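Heads up, the thing below is written out as structure tokens.
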Amino acid sequence: MQSLKRKPSWILSVLSGLFLILIFPRFNLEFLAWFALIPLLFAIQNQPLTTVASRGFFAAMIFYFFSLNWITNTLVNYGNIPVIVSYLILGLLSAYLSFYISLFCVLTVKWSRGKPVYFFLLAPLIWTSLEYLRSTHMSFGFSWMGLGYSQFQTLSIIQPAEITGVYGVSALIVLVNAALHFFINTSVFHLNTHDSWKISFRVIVVTTLVFGFCLSWGNWALNLTKSKIESSPKIRVALAQGNIEQRLKWKNFYQQPTMKIYKELTLKAAEKKPELVVWPEAATPFYYGLDPTGTKYIQDLARTSGVPILFGSPYKKTMGEKELVYNRAFLISSQGETIDVYDKMHLVPFGEFVPFREALFFIEKMVEIIGDFGLGKRATVFKLNEHQLGVSICYEIIFPDLVRQPVKNGAEYLVNITNDAWFGKSAASYQHISMAALRAVENRTPIVRAANTGISGFIDATGQIRNTTQLFKRELVVEEIAPNKGPRTFYSKFGDIFSYLCLALTATITLLAYRF
């Protein structure tokens, strides 16, 4: 493939970086995703690999540094970290994530060996493979700002996620970008030979057919799911958003006011006779089950209200000579008895553990609890009345394979409890709930989400987010959901088969590019 008459400048990398920022909350200009990568693809074609790597890295650094800049606010205000150090940490995280986009650029250019068709074929496969790999590492995996999440409001586009997971949406976006890049190269820039026009026509036809099929199937699946929701039996669930100030919630003098707030919200919810009342992550400012006074208070409240309560609370265990703290979810019955518990299985870097602790010895985790956090071992399926539910805590909701585990084991709806007070009024809370929409589609399972300071709300099995709360406002939301008692989705049962297929096809097409 010949290059443009003028060599692509760094401006093209900047342009892709800016487009990527704009497709996510709170800008939500998701239509830009379909050509956001085209400038970057022109910037890297026919360039030395060092240039390719640096331009890809530069575009990604712009994207991640500005999209994740809420991290500095969190580190400074709640981690007591100096401003300069907070930006250093943001830079390191952005550099880590940018490495994957830089690698995408290098591998796509290198493995396509200058052949336009292989460049077009490899781009979506390599992007998807790398996005999957960076999302799945159990300790440092970070699915935040995955390309497919940008389409959370375009319901017809995200429906295929019940088969492919969110990674299929990412692949479709990159496929369209690669096809448009190919077409512009062959049709606009002095590559207008008969053969190039013929190949360009085939590329556009294939891409149009794939996109059309996904869109048509998405519309069909969307209407079918809506019909199922309308005809399914409903249950009523209440979400209590306490809006407890993060700096106050662990202060002894504020313990009683905190519990009074949740008591009032719960008793108010009980008037509407819900099947369940959900409080946020770490709602109790004490160790439930270990603090006799606080434990009795909640048990009495459950009996008085006559409604089961699901809530987050820290819990301590002594393991040999080491004391571990667990970020735990408790479900207690209307008689005040513990039905089951779930311990968080994926901890938050810098929030619940400090990565590379020997090097970052001057940083302490932001959660104000003494002791190291322990990891949960099982994806609990809670049984409540005639239904089963699964729980995720905080940003566990951004990990597709983790969230599908309880659904695979029988959960009919999902509960996500979180405390997004750390994010302030930044875009992070909006980004967080947008990713939950894809989990609902992947598993065709409604999600109820209770957040301390917002955004709380409900997501139905189509991915539609509804009845959400405002940030930093005390609210009670009661809504009906339709638990999924039907068969599990392909994604729920088999997981990331599509991503494995992308990895395999990447290897296969690369071999073909080297051979022919």
Under a Cβ-only charge scheme (Lys and Arg +1, Asp and Glu -1), can you give me the dipole magnitude of the chain about the Cα centre, in debye to the nearest 20? 820
Which FRET efficiency value, to the nearest 0.05, is calculated for Leu92 and Tyr500 with the Förster distance at 35 angstrom and r the Cβ-Cβ distance? 0.70
By the C-alpha gyration tensor axes a ≥ b ≥ c (rounded if a/c is under 1.5, else prolate when a/b exceeds b/c, else oblate), the shape of segment 103-237 is oblate
Whole-Hz ³J(HN,Hα) from phi, Karplus 6.51 cos²θ - 1.76 cosθ + 1.60, for segment 409-420, glycine and proline x: 8, x, 5, 9, 8, 10, 10, 10, 10, 8, 10, 8
For the chain, what is the Kirkwood estimate of the hydrodynamic radius, computed as the reciprocal of the mean inverse distance between distinct Cα atoms, to one decimal in Å? 24.1
What ranking do Ser492, Ser227 get, fewest neighbouring Cβ atoms within 10 angstrom at the top? Ser227, Ser492
Could you sort 90-103, 33-46 so that the peptide with the highest average Cβ count within 10 Å comes first and the rest follow in order? 33-46, 90-103
Footprinting exposure proxy for Glu442, Glu396 (fewest neighbouring C-beta atoms within 10 Å first): Glu396, Glu442
What's the angle, to the nearest 10 degrees (0 to 90), between helix 166-187's Cα axis and the longest principal axis of the chain? 20
For the Lys198, Phe516 Cβ pair and Förster radius 22 Å, calculated FRET efficiency rounded to 0.05 is 0.80
Expected sort for 272-278, 297-303 on mean C-beta neighbours within 10 Å, highest first, is 272-278, 297-303
Which of rounded, prolate, oblate describes segment 30-154, given a ≥ b ≥ c as roots of the alpha-carbon gyration tensor eigenvalues and a/c under 1.5 marking rounded, otherwise prolate only if a/b is larger than b/c? prolate
Alpha-carbon centroid distance for the pair segment 474-494 / segment 57-103, whole angstrom: 34
Would you list, by chain and number, the lysines whose Cα falls below 23 Å from the Cα of Lys115, excluding same-chain residues fewer than 8 positions away? Lys5, Lys7, Lys198
Using alpha carbons only, how many angstrom separate the centre of segment 235-290 from the centre of segment 13-39? 39
Enumerate the whole-percent occupancy of each 10 Å bin, from 0 to the last occupied one, for all C-alpha pair distances of segment 233-484. 7, 33, 39, 17, 3, 0
How far is helix 428-443 tilted off the main Cα axis of the chain, in degrees rounded to 10, range 0 to 90? 80
Within segment 102-117, backbone nitrogen closer than 18 Å to the virtual label 7 Å beyond the Cα of Thr136 toward Cβ: 104
Within the set Lys316/Lys344; Lys228/Lys485; Lys268/Lys485, which residue pairs have Cα atoms separated by over 19 Å? Lys268/Lys485
What is the magnitude of the charge dipole of segment 233-484 about its Cα centre, with +1 placed on the Cβ of each Lys and Arg, -1 on the Cβ of each Asp and Glu, and no other charges, expressed in debye to the nearest 20? 320
So for segment 233-484, taking the charge dipole from beta-carbon charges (+1 Lys/Arg, -1 Asp/Glu), which of Val381, Gly306, Ile339 sits furthest toward the positive end? Gly306
As I understand it, the value is the acute angle between the Cα axis of helix 497-515 and the longest principal axis of the Cα atoms of the chain; what does it come to in degrees, rounded to 10? 20
Packing-based order for 117-127, 201-211, using average beta carbon neighbours within 10 Å, highest first: 117-127, 201-211
For the chain, what is the percent of antiparallel DSSP beta bridges, rounded to the nearest 5? 65
The chain: calculated mean residue ellipticity at 222 nm from DSSP helix runs of at least 4, using -39500 (n - 2.57): -16000 deg cm²/dmol
Give the shape of segment 62-109 as rounded, prolate or oblate, defined through the alpha-carbon gyration tensor: a ≥ b ≥ c are the square roots of its eigenvalues, a/c under 1.5 means rounded, and otherwise the shape is prolate if a/b is larger than b/c and oblate if not. prolate
Could you pull out every one of the aspartates and glutamates with an alpha carbon less than 12 Å from that of Lys322, ignoring same-chain neighbours closer than 8 positions? Asp372
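Computed from the coordinates by the stated procedures, all read-outs in this text should not be read as laboratory data. Because the structure is predicted, anything quoted here is derived from the model rather than measured. Virtual Cβ from ideal backbone geometry, glycine too; neighbours counted across all protein chains shown.
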